[in-house]
1. Are any residues in the stretch 89-115 of a type in the set (Val, Ile, Thr) and modelled with pLDDT of 95 or more, and if so, which ones?
2. Pairs please, first residue from the stretch 45-56 and among the hydrophobic types (A, V, I, L, M, F, W, C), second anywhere and not in a strand (DSSP E or B), Cβ atoms under 8 Å, 6+ apart in sequence or on different chains.
3. Out of everything in the stretch 26-61 that is assigned to a strand (DSSP E or B) and hydroxyl-bearing (Ser, Thr, Tyr), what residue ends up being farthest from Tyr125 (Cα to Cα)?
4. I'm trying to understand the selection: among the residues of the stretch 67-86, which are closer than 26 Å to Gly104 by Cα and either in a loop (DSSP other than H, G, I, E, B) or modelled with pLDDT under 70 (or both)?
5. Taking Arg41 and the conditions (1) surrounded by 13 or more Cβ atoms within 10 Å (Cβ to Cβ); (2) among the charged types (D, E, K, R); (3) out of contact with any helix residue (DSSP H, G or I) (no Cβ under 9 Å at 6 or more places or on another chain), which numbered condition does it fall short on, given that it satisfies the others?
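The values are calculated or read from the model by the stated rules, or taken from the named source; none is laboratory data. None of the values given here were measured: they were computed from a predicted structure. Don't worry about glycine lacking a Cβ; one is built from the backbone with ideal geometry, like all the others, and counts go over all protein chains shown.
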Amino acid sequence: MLKLLSFALFCSALAGCARNSGSIDLTSDSSGTVVETASDRVVRIRLASNPSTGYHWNMAVAPDTKVLRLLSADLEAPAAAAGTPPRLGAPGVQVWKFQTVGTGQTALRLEYVGPGTAAAVGQEYSLTVSVK
């Protein structure tokens, strides 16, 4: 019961932040949650990835574009020392950026896939966005 209450408080706090700012920054910890927000907000999801080896996040279930529109899905290589290239195999981050464009509720699901394939390797990220 305490875990459920803590989760509800976390979601309420997250939703409150969403209504009071221009963007919502999420990580893997927010998977499986519902985010309530207003229209014209940016939802940014940062997920650990290993782009230098071909592992990356793929859209498995796209959101309703009348509610949430994909802006970008950029790979960020790990920071390297000045003048040196990023190390092969070093972990990085994939940043998914969405714009809330209309009222309603929509879900999205991302799957972590291996190089040269669309088959998931076991990790999944899901989110429901409710725009008021």
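1. Once the filter is applied, which keeps residues that are of a type in the set (Val, Ile, Thr) and modelled with pLDDT of 95 or more, the stretch 89-115 yields Val95, Thr100, Val101, Thr103, Thr106.
2. Matching pairs, first to second residue: Ile45/Thr27; Ile45/Ser30; Leu47/Thr27; Leu47/Ser28; Ala48/Ser28; Ala48/Pro91.
3. Thr37
4. Listed by number, the list holds a single entry, Val67.
5. Among (1) surrounded by 13 or more Cβ atoms within 10 Å (Cβ to Cβ); (2) among the charged types (D, E, K, R); (3) out of contact with any helix residue (DSSP H, G or I) (no Cβ under 9 Å at 6 or more places or on another chain), the lone unmet condition for Arg41 is (3).
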